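Colleague: Below is a structure I'd like to ask you about.
The values are calculated or read from the model by the stated rules, or taken from the named source; none is laboratory data. These numbers were taken from a predicted model, which means no experiment stands behind them. A quick note on method: Cβ atoms are made from the backbone with ideal geometry, for glycine too, and the neighbour counts reach across all protein chains shown. Heads up: the accessible areas ignore ligands, DNA and RNA and are worked out on the full protein's heavy atoms, side chains in. Shrake-Rupley method; radii C 1.70, N 1.55, O 1.52, S 1.80 Å.
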Amino acid sequence: MTYYLTTPIYYVNGKPHIGHAYTTCAADILVRHRRQRGDATFFLTGVDEHATKVFRVAEEQGLPVQEYVDRIAEVWRELPRRLNAQPDFFIRTSDDGHKRFVRDFLQRIYDNGDVYEDVYIGLYCVGCEEFKSEDELVDGKCAIHGTVPERIEEKNYFFRLSAYQERLLELYDARPDFVLPQFRFNEARAFIAGGLQDFSISRAGQPWGIPLPWDESQVAYVWADALINYLSALTYARPGEDLRATFWPEVRHLMAKDILRFHCVYWPAMLLAAGYDVPKQIFVHGYLLLDDKKVSKSLGNVVDPLELIDVYGADAIRYWCARAVSFGQDGSASIDGIHERYERELGNDLGNLLSRTTAMVARYRDGRIPERSGRNDELAAAVDEMRSAVERQLDVFDITGAADSIWQLVRWLNRYVTDRAPWEVAKDEARARELDAILYDLADGLRVVSIALASYLPETAPRILEALGQPVDLSWVNVDYGRLVAADAVVGAAPLFPRVDAPTPAGA
Ligand code: MSP
């Protein structure tokens, strides 16, 4: 199987915040899981540089714009690195390979007759990098940015989006899972059904951007440039290779609802116009409302995801991204929530389970993992159920549901310890076999859990396996009861998630 997943390419007019980290973590969880299942994967992320707002920030800072983007692109490159995400390529829209491809792509649309010239008179919100109609404004201001949009009158090239309405509706009707979740599919389809207006794909009188091949006096509109990254990257990410034939048919786009229209309407139409297949699937997640006030009061302004990683570690932040809200829905989240999950779920449910299990193996069995003597049918069934649930859920981007399925097994194991009370069993020599079976099941259950969690907790999973004396093989087939191998020299494991000082309460 082949799996290609993209994040949006982020604007570099500022630094990354936790909202960007959210999408990148989610994407990395999905891709790592596919790698465990043996799929050939390609994971793309990167930055969007040719925005007017990027140009303006460079001007404000008194820097030549190329120098500004070269500097800040390095800050953004740190985001996946520090989150322990493993993109196969980090694209910058100022890459030569991208610029070349965008020109070819737009030329194809032009040659196919879907571009015409007209005078644009209208309103442009630089914050949104989007043209606005009067009825989208609130008191004459952009509803999102609260700023008065700029009045623009210039000669532009327009893309004949209106000509694609029927084909887009046919596409949506033929592929009911083209956009997920379902309510986003409905939203996109309703927008198309409501009638489509042609949109401007160029800007005149702006020096920053990719010049149009047929009229070098204009540059590509930032979205007409940015969307094409998903395709351009495949042509130059691996020098000498063209990955389009392998990966394009399997591309899935991930982003939040703020840019749904661009991805679910404009982009498929542009692809059709240029003679490419539309994406395989688009998943639109919700917007995380972050409790900024609480953030700054508690940890001293650490909405910066990189600083949060310093406190909790990348695994905890990744795990929290999956858990914060049900993936796909909107929700509010707080830094206190990260702390809570860290202590209760990672520290107690998982970390203590490993500490107790290894401590008992060390104490009662001299560090030797007992041989398997029988089969715990209940545990084996719980493992099977978890495995198929996680596969099913991650196939539809449900990183929250899959984390929950895994956690049900963690809870099962914790209940098992309490119910079977191995410390009591250990007091009676005659019950030695029973104790062996309990310790085996706990260790095997933890082994299974760690492999299942490896896409969420890539640092922690190998540590669990090592603590149990197991080979670090994260292949998904090992999510199966009874594959624990003999091991000795197991010692009580150090805490997986050491205590972190709680955020200081407001006013303290
Ligand atoms: N440059 C465009 C995307 C071009 S893609 C061809 C852009 N950039 S952005 O920097 O504004 O990033 C928007 C994306 O960042 C969202 O779609 C989402 O993936 C992520 N998020 C930013 N803030 C977020 C939240 N508060 N909550 C959830 N996602 C967030 O748009």
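Colleague: Please give the solvent-accessible surface of Trp412 in Å², to the nearest 10, using a probe radius of 1.4 Å with every protein chain present.
Modeller: So the heavy atoms of Trp412 present about 30 Å² to solvent.
Colleague: For Ala256, list long-range residues whose amide hydrogen, built 1.01 Å from N in the peptide plane, is under 5 Å from its own amide hydrogen.
Modeller: Those lying under 5 Å, H to H, from Ala256 are His285.
Colleague: Under a crude label model (7 Å from the Cα following the beta-carbon direction), how far is Glu60 from Glu307 in nanometres?
Modeller: 1.9 nm
Colleague: Further question on the same structure: If N is the number of residues in the stretch 199-350, what value comes out of its Cα radius of gyration divided by 2.2 N^0.38 Å? Walk me through the numbers before you get to the answer.
Modeller: Working: Rg = 20.5 Å, N = 152, 2.2 N^0.38 = 14.8 Å.
Here the answer is 1.38, to two decimals.
Colleague: While we're looking at this one, here's another question. Just going by the charge dipole of the stretch 62-193, with Lys and Arg at +1 and Asp and Glu at -1 on Cβ, which of Tyr116, Ala174, Gly140 is farthest out on the positive end?
Modeller: Ala174
Colleague: Also, I was wondering about something else. Round to the nearest 0.05 the FRET efficiency obtained for Glu154 and Asp336 when R0 = 51 Å and r is the Cβ-Cβ distance.
Modeller: Numbers: r = 49 Å, r/R0 = 0.95.
Between Glu154 and Asp336 the formula returns 0.55.
Colleague: In nm², what is the average projected area of the convex hull enclosing the Cα atoms of the stretch 91-139? Intermediate values should be presented prior to the final figure.
Modeller: Numbers: hull surface 21.9 nm².
That works out to 5.5 nm², a quarter of the Cα hull's surface.
Colleague: In nm, what is the difference between 0.36 nm times the number of residues separating Lys141 and Lys427 and their Cα-Cα distance?
Modeller: That pair, Lys141 and Lys427, stretches by 95.5 nm at full extension.
Colleague: Tell me, in nm to one decimal, what length is gained between Glu371 and Ala204 on full extension, where the rule is 0.36 nm per residue of separation less the Cα-Cα distance? Could the numbers behind the result be given before it?
Modeller: Working: separation 167, 0.36 × 167 = 60.12 nm, distance 7.40 nm.
Here the answer is 52.7 nm.
Colleague: Take the alpha carbon atoms of the stretch 80-116, find their center, do the same for the stretch 395-424, and report the distance between the two centers in whole angstrom.
Modeller: Using only Cα atoms to place each centre, the spacing works out to 43 Å.
Colleague: Take every Cα pair under 8 Å in the stretch 2-285 that's 6+ residues apart, average their separations, divide by the length, and report that relative contact order as a whole percent. It would help to have the intermediate numbers written out before the result.
Modeller: Numbers: 462 pairs, mean separation 62.7, N = 284.
Once normalised by length, the contact order is 22 percent.
Colleague: Quick one: 3J(HN,Hα) in Hz for the stretch 31-47, Karplus 6.51/-1.76/1.60 with θ = phi - 60°, rounded, Gly and Pro as x.
Modeller: Values, residue by residue: 6, 4, 4, 5, 5, 4, 7, x, 6, 7, 10, 9, 10, 10, 9, x, 10 Hz.
Colleague: Using θ = phi - 60° and the Karplus form 6.51 cos²θ - 1.76 cosθ + 1.60, what ³J(HN,Hα) does each residue of the stretch 388-405 get, whole Hz, x for Gly and Pro?
Modeller: 6, 5, 4, 4, 4, 6, 6, 5, 10, 6, 8, 5, 6, x, 5, 4, 5, 4
Colleague: Treating only the Cα positions of the stretch 375-508 as identical point scatterers, give the base-10 log of I(q)/I(0) from the Debye formula at each q in 0.13, 0.14, 0.15, 0.18 Å⁻¹.
Modeller: Values returned for q = 0.13, 0.14, 0.15, 0.18 Å⁻¹ are -0.62, -0.71, -0.79, -1.06.
Colleague: Would you please state which residues of the stretch 11-53 a label at Val396 would reach in this model, taking the label point 7 Å out along Cα→Cβ and a backbone N cut-off of under 18 Å?
Modeller: 30
Colleague: Using the basic label-point model (7 angstrom from Cα toward the beta carbon), what is the Arg363 to Arg238 distance in nanometres?
Modeller: 5.1 nm
Colleague: By the 4.7 Å beta carbon criterion, which cysteine residues of the chain come out unpaired?
Modeller: Cys with no partner Cβ under 4.7 Å: Cys264.
Colleague: Here's something else I'd like to know. Could you give the distance between the Cα centres of the stretch 25-43 and the stretch 453-483, to the whole Å?
Modeller: Going from one Cα centre to the other spans 16 Å.
Colleague: Ok, one more. Please report, in whole Å, how far the alpha carbons of the stretch 2-285 spread along each principal axis, starting with the longest.
Modeller: 53, 48, 39
Colleague: Using label points projected 7 Å from each Cα along Cα→Cβ, tell me how many nm separate His17 and Ala174, to one decimal.
Modeller: 4.1 nm
Colleague: I need the phi-derived Karplus couplings for the stretch 121-134: 6.51 cos²θ - 1.76 cosθ + 1.60, θ = phi - 60°, integer Hz, Gly and Pro marked x.
Modeller: 3J(HN,Hα) across the stretch 121-134, in whole Hz: 10, x, 10, 10, 9, 5, x, 7, 6, 8, 6, 10, 8, 3.
Colleague: A follow-up question, please. So for the chain, what percent of the C-alpha to C-alpha distances run longer than 29 Å?
Modeller: Values: 72354 of 128778 pairs.
Result: 56 percent of Cα pairs exceed 29 Å.
Colleague: For Asp48, what residues show an amide H to amide H distance below 5 Å, using hydrogens built from the backbone and excluding near sequence neighbours?
Modeller: Placed amide hydrogens put Tyr10, Tyr11, Val12 under 5 Å from Asp48.
Colleague: For the pairs Lys53/Lys257; Lys132/Lys280; Lys53/Lys132; Lys99/Lys155; Lys15/Lys155, note any where the Cα-Cα span goes beyond 26 Å.
Modeller: Details: Lys53/Lys257 21 Å; Lys132/Lys280 29 Å; Lys53/Lys132 16 Å; Lys99/Lys155 22 Å; Lys15/Lys155 33 Å.
From Lys53/Lys257; Lys132/Lys280; Lys53/Lys132; Lys99/Lys155; Lys15/Lys155, over 26 Å: Lys132/Lys280; Lys15/Lys155.
Colleague: Can you list the residues, at least 5 places off or on another chain, whose amide H is less than 5 Å from the amide H of Ile210, using H built in the peptide plane?
Modeller: Here the answer is Ala220, since their amide H atoms fall under 5 Å of that of Ile210.
Colleague: State log₁₀ I(q)/I(0) for the stretch 144-270 at q = 0.17 Å⁻¹ as given by the Debye formula over alpha-carbon point scatterers of equal weight, solvent excluded.
Modeller: With one equal scatterer per Cα and no solvent, log10 I(q)/I(0) is -1.10.
Colleague: Taking R0 as 22 Å, what FRET efficiency do you get between Asp277 and Asp104 from their Cβ-Cβ distance, rounded to the nearest 0.05? Could the numbers behind the result be given before it?
Modeller: Values: r = 17 Å, r/R0 = 0.77.
That gives a FRET efficiency of 0.85.
Colleague: OK, next. Just report the Cα centroid separation between the stretch 342-368 and the stretch 236-258, whole Å.
Modeller: After rounding, the separation between the Cα centres reads 42 Å.
Colleague: Output the peptides 115-123, 280-288, 443-451 sorted from most to least packed, where packing is the average of other Cβ atoms within 10 Å over each peptide's residues.
Modeller: Working: 115-123: 13.8, 280-288: 19.9, 443-451: 25.7.
Top of the packing list down: 443-451, 280-288, 115-123.
Colleague: Using +1 at the C-beta of Lys and Arg and -1 at the C-beta of Asp and Glu, which of Ala359, Gly46, Ala324 has the Cα lying farthest in the positive direction of the dipole of the chain?
Modeller: Ala359
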